[in-house]
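Novice: Quick one: this structure, given as structure tokens, is what I'll be asking you about.
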Amino acid sequence: MADGFDSHLNEDQERRLKSAAEASGVDPTVYATQVLEQAMEDDWAEDFRRVAEYERTGESIGAEEWMQGLREAVHAKFKA
């Protein structure tokens with residue numbers, strides 16, 4: 001098994017990565033690694049449960065309910 005991993009970005013992705021890394025004050029490689037680590041640590045169980053429920057019932061939540069959940073999540077994240 002090879003060590004490491006190579007990924008190739010298109011010009012727009014590269015520009016966006018560099019911009020986000022610069023805004024965070026870190027090297028683009030460090031930033032990309034941090035973003036990937038966070039994504040892999042996120043608990044996707046609730047998302048998968050919601051997709052399965054939608055596929056089973058065809059029912060989804062309304063935009064306002066979704067926005068309220070987003071507001072609560074953002075508030076909780078920045079409150080801590």
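Novice: Restricting to segment 25-59, what's the tally of residues that are open to solvent by less than 100 Å² (accessible area, probe 1.4 Å), modelled with pLDDT under 90 and either over 30 Å from Glu14 (Cβ atoms) or more than 19 Å from the chain's Cα centre (by Cα) (or both)?
Specialist: Total meeting the criteria: 2.
Novice: Name the pairs: first residue in segment 44-55 and more than 16 Å from Gly69 (Cα to Cα), second residue outside any helix (DSSP H, G or I), Cβ to Cβ under 6 Å, at least 6 apart or on different chains?
Specialist: Final answer for the pair search is Tyr54/Ser60.
The values are calculated or read from the model by the stated rules, or taken from the named source; none is laboratory data. Just so it is clear, the model here is predicted, and its values are computed rather than measured. Every residue, glycine as well, gets a Cβ built from its backbone with ideal geometry; the counts of neighbours run over all protein chains shown. We work out accessible area using only protein heavy atoms, side chains counted, and drop any ligands, DNA or RNA first. Shrake-Rupley method; radii C 1.70, N 1.55, O 1.52, S 1.80 Å.
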